[in-house]
Amino acid sequence: MQKRKSGVVDFLELGANAFVSGLVAAIALSVIALALSTSARAATPNGQQTGSLLVRTADSADYNVAPKLETEVAIRVTGMVARTRLTQFFENPADDPVEGVYVFPLPESAAIDHLWLRVGDRVIEGRIQEKEEARRAYAEAKRQGRKAALMEQQRPNLFTNAIAHIGAKERVQVTIEYQQALVYDGGRYRLRFPLAVTPRYVASAADVTAIPDVPKTDEALGDDGPVVNPAYGDGCGGPTNAVDIAVVIDSGVPIDGVVSSYHDIQVEKESGNRTVVYLTKAQEEADHDFELTWSVSAGGAPQAALFTEKGKDAEYGLVMVMPPQATPADLKAITAIPREMILVIDTSGSMTGDSITQAKAAVIQALDALTPRDRFNVLEFNSVTRTFSKVTLDASADNVARAKQWVASLEANGGTEMAPALMFALDGGGTPGVLRQVIFMTDGGVGNEEALFRLIAARLGGSRLFTVGIGSAPNGHFMTRAAELGRGTYTYIGDVREVGEKMTRLFAKLQAPVLQDVSIRWADGSAVETFPPLVPDLYLGEPIVVTAAASDFSRTLIVSGTRGNQPWSVALTPAMKSDGEDASGVGALWARAKIASLMDRITRGGDTAALRPAVLKVALDHHLVSPYTSLVAVDVTPTATGDAKIALVKASLPRGYVGALPQTDTPAALQLLLGMLALGCALVVLRVGRA
Amino acid sequence: MRQRLLWRLALAAALAAAGLSQIASAAWIHAKAILAQRLIASAWQDARHGASRRPWPWADMRPIARMQVRSRGIDLYVFDSASPRALAFGPGHVTGTALPASWGNSVIVAHRDTHFAFLRTLAANDEIEVESRDGGHAIYRVREVAIVHKEDTRVLDDADSAQLTLITCYPFDAIRPGTALRYTVVAARIA
């Protein structure tokens, strides 16, 4: 009978047979595998993790429900100081309590001194504590089911808020306050509030797998895809992270020309010197930085100012001096100096889209500004560094045209390996009589800032490094410090329409420093300890801004420097002092600047063990968040029981930070299993055939 | 009849080929992991003498540290990159975290089924030795073991002490890749 069956039927039968055997084997193996992996999951690894802050033994499926977040920002500007109150409302939509963790940016110079946790109608004020101590206090409170909030510094402009136990359907409110000095440049005050974080390339391997033309090896592909940034919202269904911003400017003098660079705003003049600004659209998506600029009405522009605040054991001062404008004769002398300009453009994956367009436009404009006396070169870097030319070239019309063509052909992809590009651009040398200027265009999406700072400090030589921040949320900390160490300036371009104007301003500055060798002394010649300790070279339109502490500021201060080849100085008399509300917060700014200067010494190879206690003392005395101190607020009474699951609060999407830990499993086991299975099937096929 | 036999043989051969290729691919993952570490050993000797050499000409990473757990017979070379490509060949240092054998939190990741399969055997007080490229030498003692979610990047945060964090995927025996959990071993420097 069987033998008369057609080949096709037989084949079908055979296939079905093999399929069934395979299926049975697969099911059996899967059950074993599942049993194995479940038993591994249930076991307490070496029985040690209980009570440790690091432990989160929640089932991965439960991580999906993230608390919702709304942010309110109220900024009050008095004199040269802006005080910001930032309130984050966390709402847990789930039916279980969660622990919320939120990573967010703040301005790089922010001095954070207050944190409040509001639960219902109770408000708990945060205390400043040594970092490890604060972590312990937070972990202890969490374990006991009490509410707690912990604010830690990750980078000088990147912070983490952890909130233990946001109950089911509960709304918890965390408020922080900080101050910052306003930036004054080119006759305008500028206030920036960062709203998003560009992913930091090196902090995780995530970006490598997210880049299209990096070959994906089999190891990289898990079945939930390569590591992406799932802590970012998808932007569908309204803002992921809605933000509201209001700014009150109490300038003391009439101001005008209030402009928001990247958001629609409403401006209301309440009284003569008081202006209120708010976003036209309440609940903007927090996906690009907010920037507000304004100028002081004609005649009111400051030439020199001194703000002071009395502290416990000292008086703190904020000094601002505007150097004199360059005369036409100065400018003529300056433009006669030949230049060597090295343009560096970041073409890493994070620059994709508008950013690379802006950067290319800026480079092309820079090339156009070269004169035949100048020399130049252009480099691009992503995972590797490429140069337009091996050596610097004369800026002949032909060379410039070829360079422009080369720049136009650049595309963004790959990693952000910045060190080799910096090494090439900063060769440690410098030709006397030639201005060697390196213009570095990047979003600063790097996580190895400290290593790069050390590199810049070591190799700068006679060059000057000018950073140009590109994109909706460049890493301001990197840009500012790199320019400081590079003795240049930092220019921020947030929109392709700004390229022309901002680059023109930068080139005006590039001509040469207006003032060098700045020193600040008392009238009797004794030294004043200022922070930052060294005033950098000043370029066109930039003021001197330093903080200082003294027993009191009742003596005259002399600010001096070299302008061209001429000595220059100005006196600040006690009569110019403004204190009271105008100067509240100057003490915190002094402390923040002192911490930055101490951390800078660590960057430059200072002894951490010796400098750390100094940082700690300033931070604790002035109640500031620092690399070594955190703010922690702990409720008294327990409000939750059991272990809360951790939930990452989603940040708005412009290619976000946070990232994820690298994926470290291979499909080897799965492949082995499938391979065995297929071999098994092959055997079955052969045996069935024989039967 | 003859045709049936041919069909059968063809099917069996196809299945066997598919099976063998899968097994070969799995074996290749393990072979790479073992072979690469041998090649690095010689690059490491050069690195110790100042030359930062690539372990093989087309490698896009370099060894930056050697990690030993004598009690487990473990001797590994750590790359300067935690990219998936580097991880196929050896443990990788997460750039941006402190360098091995220096102040701060130094983070090293590797695959759970190759280089870091031994992590499951580590317990409190086990000692890990690390040698850095510039000849520095450090001994760490395991302080805690924890399982975290892959988004919980706080384990990458810098620490206010010299510590070593080893991370791999969890659970160790999972068949399917792509887990969301990570096994972390935190060790504090003792010498």
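Give the stretch B:162-176 a look and list any residue that's open to solvent by 10 Å² or more (accessible area, probe 1.4 Å), in contact with an Asp or Glu (Cβ under 8 Å, 6 or more places away or on another chain) and not aliphatic (A, V, I, L, M), or say none.
B:F172, B:R176
Of the residues A:T480, A:T489, only one is of a type in the set (S, T, Y), open to solvent by less than 10 Å² (accessible area, probe 1.4 Å) and at pLDDT 85 or above; which?
Going through A:T480, A:T489 in turn, just one is of a type in the set (S, T, Y), open to solvent by less than 10 Å² (accessible area, probe 1.4 Å) and at pLDDT 85 or above: A:T489.
Does A:S569 meet the test of being touching a residue at least 24 places away in the same chain (Cβ under 8 Å), assigned to a strand (DSSP E or B), within 30 Å of A:R339 (Cβ to Cβ) and among the hydroxyl-bearing types (S, T, Y)?
No, not satisfied.
Return the residues of the stretch A:396-417 that are aliphatic (A, V, I, L, M), assigned to a helix (DSSP H, G or I) and surrounded by 17 or more Cβ atoms within 10 Å (Cβ to Cβ); say none if nothing qualifies.
Within the stretch A:396-417, A:V400, A:A403, A:V407 meet the criteria.
If you go through the stretch A:529-542 one residue at a time, do you hit one that is in contact (Cβ under 8 Å) with a residue 24 or more places away in the chain and over 29 Å from the mean Cα position of the chain (by Cα)?
No; the residues of the stretch A:529-542 include none that is in contact (Cβ under 8 Å) with a residue 24 or more places away in the chain and over 29 Å from the mean Cα position of the chain (by Cα).
Of all residues in the stretch A:661-691 being β-branched (V, I, T) and over 22 Å from B:A10 (Cα atoms), which is farthest from the chain's Cα centre (by Cα)?
Residue satisfying both the conditions and the ranking: A:T666.
State all residues of the stretch B:83-96 that are open to solvent by less than 20 Å² (accessible area, probe 1.4 Å) and β-branched (V, I, T); if no residue qualifies, say none.
B:V94
Could you check the stretch A:255-270 and list, in sequence order, the residues that are in a strand (DSSP E or B), open to solvent by less than 70 Å² (accessible area, probe 1.4 Å) and polar (S, T, N, Q)?
A:S260, the sole residue that qualifies.
When the residues of the stretch A:381-395 are filtered to those that are of a type in the set (A, V, I, L, M), more than 19 Å from A:T442 (Cα to Cα) and in a loop (DSSP other than H, G, I, E, B), which remaining residue is modelled with the lowest pLDDT?
Taking the candidates together, the pick is A:V391.
Going by the structure shown, is A:G561 touching a Pro at 6+ places or on another chain (Cβ under 8 Å) and open to solvent by less than 50 Å² (accessible area, probe 1.4 Å)?
For A:G561, the condition - touching a Pro at 6+ places or on another chain (Cβ under 8 Å) and open to solvent by less than 50 Å² (accessible area, probe 1.4 Å) - is met.
Keeping to the stretch A:101-153, report how many residues are more than 30 Å from A:Y492 (Cα to Cα), within 14 Å of another protein chain (Cβ to nearest Cβ) and in contact with an Asp or Glu (Cβ under 9 Å, 6 or more places away or on another chain).
Residues meeting the conditions: 6.
Can you name every residue in the stretch B:137-169 that is assigned to a helix (DSSP H, G or I) and in contact (Cβ under 8 Å) with a residue 40 or more places away in the chain?
B:V155, B:L156
With the requirement that a residue be open to solvent by less than 20 Å² (accessible area, probe 1.4 Å) and more than 7 Å from chain A (Cβ to nearest Cβ), what does the stretch B:137-156 give you?
Selection gives B:A138, B:Y140, B:V142.
Tell me whether the stretch B:114-124 contains one or more residues that are part of a strand (DSSP E or B) and within 18 Å of the chain's Cα centre (by Cα).
No: zero hits.
Testing A:V649 on (1) modelled with pLDDT under 80; (2) under 50 Å from the mean Cα position of the chain (by Cα); (3) within 7 Å of chain B (Cβ to nearest Cβ), one condition comes back false. Which one is that?
Condition (3) is where A:V649 drops out.
So, B:V109, is that one at the interface with chain A (Cβ under 7 Å from one of its Cβ atoms) and under 18 Å from the mean Cα position of the chain (by Cα) or not?
Yes, satisfied.
For residues that are open to solvent by 60 Å² or more (accessible area, probe 1.4 Å), of a type outside the set (D, E, K, R) and closer than 11 Å to B:F89 by Cβ, tally how many sit in the stretch B:5-47.
Number of matching residues: 3.
Restricting attention to the stretch B:162-184, and to residues there that are of a type in the set (A, V, I, L, M) and over 15 Å from the mean Cα position of the chain (by Cα), which single residue is farthest from the other protein chains (Cβ to nearest Cβ)?
In this case the residue turns out to be B:A162.
Does at least one position in the stretch A:238-248 carry a residue that is modelled with pLDDT of 85 or more and open to solvent by 50 Å² or more (accessible area, probe 1.4 Å)?
Yes, the stretch A:238-248 has at least one match.
Suppose the filter is open to solvent by less than 10 Å² (accessible area, probe 1.4 Å), under 14 Å from A:E340 (Cα atoms), at pLDDT 85 or above and in the same structural domain as A:L485 (by TED's automatic domain parsing); does A:L426 pass it?
yes
Tell me yes or no: at least one residue of the stretch A:496-506 is assigned to a loop (DSSP other than H, G, I, E, B) and surrounded by 21 or more Cβ atoms within 10 Å (Cβ to Cβ).
Within the stretch A:496-506, not a single residue is assigned to a loop (DSSP other than H, G, I, E, B) and surrounded by 21 or more Cβ atoms within 10 Å (Cβ to Cβ).
Quick check on A:G580: is it over 22 Å from A:Y539 (Cα atoms) and either more than 28 Å from the chain's Cα centre (by Cα) or touching a residue at least 60 places away in the same chain (Cβ under 8 Å) (or both)?
Against the criterion (over 22 Å from A:Y539 (Cα atoms) and either more than 28 Å from the chain's Cα centre (by Cα) or touching a residue at least 60 places away in the same chain (Cβ under 8 Å) (or both)), A:G580 qualifies.
If you check B:E131 against the conditions, is it under 17 Å from the mean Cα position of the chain (by Cα), among the acidic types (D, E) and buried (at least 19 other Cβ atoms within 10 Å of the Cβ)?
Considered against the rule, which asks whether it is under 17 Å from the mean Cα position of the chain (by Cα), among the acidic types (D, E) and buried (at least 19 other Cβ atoms within 10 Å of the Cβ), B:E131 comes out as yes.
Residues being at pLDDT 85 or above and closer than 22 Å to A:G471 by Cα: count how many of those fall in the stretch A:441-456.
Counting residues in the stretch A:441-456 that are at pLDDT 85 or above and closer than 22 Å to A:G471 by Cα gives 4.
Pick from B:A159, B:A101, B:A123, B:A187: which is within 10 Å of another protein chain (Cβ to nearest Cβ) and open to solvent by less than 30 Å² (accessible area, probe 1.4 Å)?
Every option except B:A159 fails the conditions.
Report yes if A:V636 is β-branched (V, I, T), part of a strand (DSSP E or B) and surrounded by 20 or more Cβ atoms within 10 Å (Cβ to Cβ), otherwise no.
No.
The values are calculated or read from the model by the stated rules, or taken from the named source; none is laboratory data. Here the structure is a predicted model, which means the values were calculated and not measured. Every residue, glycine among them, receives a Cβ derived from its backbone with ideal geometry; neighbour counts consider all protein chains shown. With ligands, DNA and RNA removed, areas are computed over all heavy atoms of the protein, side chains included. Shrake-Rupley method; radii C 1.70, N 1.55, O 1.52, S 1.80 Å.
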